[in-house]
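The values are calculated or read from the model by the stated rules, or taken from the named source; none is laboratory data. If you're wondering where the values come from, they're calculated on a predicted model, not measured in any experiment. FYI the Cβ positions are ideal-geometry reconstructions off the backbone, even for glycines, and counts take in every protein chain you see.
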């Protein structure tokens, strides 16, 4: 937003270092997911789950694999559960990470 409005240039003309880069690194560490890459192996595993994702239901082993990919990709410790909302959010995050990894 600051770039779009030009405020970043104004701040840089007044102050040498406003701390934006440091703040950005901290926020990215607190809220990962936008630019997280999957390992090549996890990307292959995620591709293997495409058919199950398309049908909208993962069996127990597929769900376990999804959680393993998620935990490795996001350095998390999530335990498998049947909570539809949580699983849907995990799929969305994994899909973004997969897409970012394939670029």
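Restricting attention to the stretch 53-68, which residues are assigned to a helix (DSSP H, G or I) and closer than 12 Å to residue 80 by Cβ?
Of everything in the stretch 53-68, those that are assigned to a helix (DSSP H, G or I) and closer than 12 Å to residue 80 by Cβ turn out to be 60, 61, 62, 63, 64, 65, 66, 67, 68.
I need a count of the residues in the stretch 23-38 that are loosely packed, with under 13 Cβ neighbours inside 10 Å and modelled with pLDDT of 65 or more.
5
Against the definition (over 17 Å from residue 80 (Cβ atoms) and either modelled with pLDDT of 90 or more or in contact with a strand residue (DSSP E or B) (Cβ under 9 Å, 6 or more places away or on another chain) (or both)), how does residue 48 come out, yes or no?
Here the answer is yes, as residue 48 does meet what is asked.
Of everything in the stretch 76-94 that's out of contact with any helix residue (DSSP H, G or I) (no Cβ under 8 Å at 6 or more places or on another chain) and either modelled with pLDDT of 90 or more or assigned to a helix (DSSP H, G or I) (or both), which residue is nearest to residue 40 (Cα to Cα)?
92
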